[in-house]
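Participant: There's a structure below that I have some questions on.
The values are calculated or read from the model by the stated rules, or taken from the named source; none is laboratory data. Because the structure is a prediction, the values reported are computed rather than measured. Don't worry about glycine lacking a Cβ; one is built from the backbone with ideal geometry, like all the others, and counts go over all protein chains shown. Note: accessible area is taken over every heavy atom of the protein model, side chains too, but ligands, DNA and RNA are not part of it. Shrake-Rupley method; radii C 1.70, N 1.55, O 1.52, S 1.80 Å.
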Amino acid sequence: MIVERLAAALADRYRIERELGGGGMSRVFLAQETALGRPVVIKVVAQELAEGLSAERFAREMKLAARLQQANIVPVLSAGVAGGVPYFTMPFVKGESLRARIAGGEPLSPQESVSILRDVARALAYAHSEGIVHRDIKPDNVLLSHGTAVVTDFGIAKALTASRTQDGSTAATLTLAGGAIGTPAYMAPEQATGDAVDHRADLYAWGVMAYELLSGAHPFREHVGPQKLIAAHITESPVAITGIPLALAVLVMRCMEKTPSARPASAAELLAVLDNVSTPTASGPTALAPPAPRVPVKALVAAGVLLVGVVGAWLALRPGKAGAPTVGAEQSLAVLPLANLSGDKADDYFGIGLAEEITRAVTKNGVRVIGRVSAGALQAKGLDERAIAKALGVSSVLTGTVQRAQGQVRINVSLLSAADGSVRWTEKYDRPLANLFAVQDEIARTVADTLLGSLGRPPATAARAETADPEAHALLLQGLLLFNRRSAASLQQAIGLFERAAARDPHYARAQASLAMALAILPAYVQDSTTPLATSAVAAAERAIAMDSTIAEAYTALGFAYAFLGELSRAETSFRRGLALDSTVATTWGWYALFATRVGDFRSAHDRVARARALEPVSLIARFWEAQVLEVERRLPEADSVASAIIALDSTFMLAWDQRANALLGMGRSAEAIPLLERHVAVLPAGRPEETHGILAYAYARAGRANDARTVLETMRTRSGGRVPATGATAAALEALGDHEAAVALLTEAISRRDSWLVTFSRTPRYDKLRKDPRAAAMLAKLETK
């Protein structure tokens, strides 16, 4: 019936030849356009979707889709309603669909797969830049013709959605076969649940399709039926793909993150990775090779891992040949977070914290150990043990599980060889929680003896129990997890947990040292005056040292806090003492590097950042330290490059957006810096203004947008109780606006309040104009002199 009505209504323009098939949203017919004698495709909206559809709104939305003119997009030629049936036409593409190619039996080579994925990513990048989201990316909508992939049906899903709502908006979601519009096998979680979607839903579908092409199977292939597939998208994580470049494997997994903000920010990021994937003749871990069998990995909740989505770009940035064994790899180790088997998700922190403690203990027994954060970040992205070992350049991996209940703890650990995955040693421990320190020590000594026993090293030393209260130790482990997340909220939560641990056991030195570390760094994340927080950090560190003078972190906290308080000689002494006690704490090297930057010793700063990166190769914060040093050193293009690389690794690491903006502002590229800062401000929680607001006001002023700059400052004034916050950034903004005396006054107050970003980075180009005033120059110079 539909065919007859359509053919009759379009007889003056088209001659319908046959039906080609169709999917959930349309039926597809091959026709000849009589005026031009060319083949076209006529697509008719599925009957169940056409009911109640506004023809006027449908045509209006299809006109928007028809604007898309790009080589990898099949364009819309015309649209309308014929015989009461909504339809649209597109060119007939000679070739086959990607779905048909997959089903044909002959597998795509890795090079062909990457070429197809690159073409689709180009189509997405262009369409998204035009404000069009596809919403139904899948192999059926990718056509292969003469070595090129083209995407069809752009804008159709939006047209159907908008033309069904009463006001023409896209707020409502159509249903199809009981689910949101689209295809269950490729549907992003937010799309499946009927939430508002944006371009990142297309990136999710691209990731699912990429997974299918590169691994040879759908990520949730074991689930049959729309409802089961949708449930899997919402609740399950697929196993990682192996046998392909790590950068590509990580990109695919990032695209399939459940939360849109955790995915790449744009299709341009997909292209950046794909363009760096090597040709078949290349060598090393970025070269394409046939997919290897996938190895399931243990589930791990990644909430406690600060750094995610960083493997691929790190390999490209790492000195030397990526993936090559490093010197000393024959006795080196990565400790993976222990998987929680208790059944209580709240205990996930326990296995992560245990890995931290075991890492520390093994290091003290003479083994080179890559930091737990790096190992955990790679595990959280789904890489198996051998892939993690290769990425980190270590010879062995310690992995296992932990379960605690009713005062008991069960720990299973295995030491695996990176070369062949064989088990070098395995053991199970069933002990009272009170004996946890003894278990940690026993594991560390056994691992060290296994790795170093043939080298004639001295016997491993035993560690003493740091607290007799298992609950105090559990609170410490949970606090360390939150400390590593590095946000204002998580740091404040960590401080509360460390205080509770210290209250349960007043002689628990590590709890006091950890409290000192959190208090020392908190001024960088909150707008409060630095002095009381830094003073509290000093007090906590001194309490820790009085209990146990061998804890390096206590001296690290002292160094950072003393630097905030302007006691630079004491800061230098504290950092050196901490490193003398334990040179394997990446944070000590990083904070000591920032200290060197403050006093203008850039050679030492770079050396220290390099030490931090060697200890935590996959650390975003270590790369961030590097960008900060480069900016203050006035190596602005390099600082911009490093910050951009961090954003490519993890677009949710917003400090990198600020850092890139600072580099751009230093180069006089205010127009490029402003969108970065606006994006960060947009995602900040409501409440008191932060450093980013001040930098944005400064950027507006530098760009000649004085009204916008004053609006931001006025907003900051309102939120701060009637006064513009006294920070270096707001002082620089006032100076850029020409309010010189007000700027000097605010700078004076910011220094007296010891604004953390100002006292640490007073040499940044932001203050160059203020330095022309001798008063400001003298104040800033005093900050920078030991």
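Participant: Based on alpha-carbon atoms only, what is the radius of gyration of segment 581-664 relative to the globular estimate 2.2 N^0.38 Å? Provide the component values of the computation, followed by the final result.
Facilitator: Values: Rg = 12.1 Å, N = 84, 2.2 N^0.38 = 11.8 Å.
Cα Rg divided by the expected 2.2 N^0.38 Å: 1.02.
Participant: Okay, next question. Can you give me the distance in nm between label points at Lys63 and Ser583, each placed 7 Å from the Cα along the Cα-to-Cβ direction?
Facilitator: Label at Lys63, label at Ser583, 7.2 nm between them.
Participant: For a label point 7 Å from the Cα of Ala35 along Cα→C-beta, name the residues of segment 63-88 whose backbone N is under 11 Å from it.
Facilitator: 78
Participant: Taking loop as defined by DSSP and a crowding limit of 12 other beta carbons within 10 Å, which trypsin sites (Lys or Arg not before Pro) in segment 57-156 fit? Numbers along the way, then the final one.
Facilitator: Working: sites: Arg57, Arg60, Lys63, Arg67, Lys94, Arg99, Arg101, Arg118, Arg122, Arg135; in loops: Arg67, Lys94, Arg135.
Filter output for segment 57-156: Lys94.
Participant: Which value, in Å² rounded to 10, gives the accessible area of His218 with a 1.4 Å probe and all protein chains present?
Facilitator: Ignoring ligands and nucleic acids, His218 comes out at about 20 Å².
Participant: Just the accessible area per residue of segment 79-140, please: how many Å² with a 1.4 Å probe? Before the final figure, lay out each step's value.
Facilitator: Working: 2330 Å² over 62 residues.
Solvent-accessible surface per residue comes out at 38 Å².
Participant: For segment 629-688, just the Cα atoms, rotate onto the principal axes and tell me the three extents in Å, largest first.
Facilitator: Its Cα atoms span 34, 24, 18 Å along the three principal axes.
Participant: For segment 193-243, state which GluC sites (Glu not before Pro) are in a DSSP loop and have at most 14 other beta carbons lying within 10 Å of their beta carbon. Show your work: numbers first, answer last.
Facilitator: On the way: sites: Glu212, Glu222, Glu236; in loops: Glu222, Glu236.
Loop-located and lightly packed - Glu222, Glu236.
Participant: Report in % the part of the accessible area of segment 492-602 that belongs to carbon and sulfur, leaving out ligands and nucleic acids; probe 1.4 Å.
Facilitator: Values: 1850 of 3640 Å².
Here carbon and sulfur together make up 51 percent of the probe-accessible area.
Participant: If you don't mind, another one. Between Leu20 and Ala71, what is the label-to-label distance in nm when each label sits 7 Å out along the Cα-to-Cβ direction?
Facilitator: Roughly 2.2 nm, to one decimal.
Participant: Where the accessible area of segment 627-786 is counted over protein heavy atoms with a 1.4 Å probe, how much of it, in %, is carbon and sulfur?
Facilitator: Accessible surface attributable to carbon and sulfur in segment 627-786 totals 52 percent.
Participant: Next question, about the same structure. Taking 0.36 nm per intervening residue step and subtracting the Cα-Cα distance, what contour gain separates Val28 from Asp548 on full extension?
Facilitator: On the way: separation 520, 0.36 × 520 = 187.20 nm, distance 7.61 nm.
Here the segment from Val28 to Asp548 would lengthen by 179.6 nm.
Participant: Quick one: Karplus J couplings for segment 597-606, per residue in order, coefficients 6.51, -1.76, 1.60, θ = phi - 60°, nearest Hz, x for Gly and Pro?
Facilitator: 4, 4, 8, x, 8, 6, 4, 5, 4, 5
Participant: Another question about this same structure. Any idea of the accessible area per residue across segment 687-730, 1.4 Å probe, to the nearest Å²? Numbers along the way, then the final one.
Facilitator: Numbers: 1890 Å² over 44 residues.
For segment 687-730, the per-residue accessible area is 43 Å².
Participant: How high is the FRET efficiency between Leu341 and Ile234 when r is their beta carbon distance and R₀ equals 22 Å, given to the nearest 0.05? Walk me through the intermediate numbers first.
Facilitator: Numbers: r = 24 Å, r/R0 = 1.07.
Approximately 0.40, to the nearest 0.05.
Participant: For the pair Ala781 and Thr535, how long in nm is the line joining their label points, each one 7 Å along Cα→Cβ?
Facilitator: My value for the distance between the label points is 3.0 nm.
Participant: Rank Thr584, Thr399 by accessible area, highest first, at a 1.4 Å probe radius? Please list the in-between numbers first.
Facilitator: Details: Thr584 55, Thr399 5 Å².
Highest to lowest solvent-accessible surface, that is Thr584, Thr399.
Participant: While we're on this one: Kindly report the accessible area of segment 535-627 per residue (heavy atoms of protein chains, probe 1.4 Å, no ligands, DNA or RNA), in Å². Write out the running numbers ahead of the final one.
Facilitator: On the way: 3020 Å² over 93 residues.
With the other protein chains kept in place, segment 535-627 gives 33 Å² per residue.
Participant: So if R0 is 51 Å, what FRET efficiency would Asp773 and Ala489 give, r being the distance between their Cβ atoms, rounded to the nearest 0.05?
Facilitator: Details: r = 38 Å, r/R0 = 0.74.
Here the calculated transfer efficiency is 0.85.
Participant: Taking θ as phi - 60°, what are the ³J(HN,Hα) couplings along segment 203-211 by the Karplus curve (6.51, -1.76, 1.60), each to the nearest whole Hz, with x for Gly and Pro?
Facilitator: Per-residue couplings from phi come out as 5, 4, 4, 4, x, 5, 5, 4, 4 Hz.
Participant: Another question, then. Please give the FRET efficiency for Asn707 paired with Ser752, using the beta carbon to beta carbon distance and R0 = 30 Å, rounded to the nearest 0.05. Show your work: numbers first, answer last.
Facilitator: Working: r = 30 Å, r/R0 = 1.01.
The value I calculate is 0.50.
Participant: Could you run the Karplus curve 6.51 cos²θ - 1.76 cosθ + 1.60 with θ = phi - 60° over segment 113-126 and give me ³J(HN,Hα) per residue in whole Hz, x for Gly and Pro?
Facilitator: Going residue by residue, I get 4, 5, 4, 5, 5, 5, 4, 5, 5, 4, 4, 5, 4, 5 Hz, with x marking Gly and Pro.
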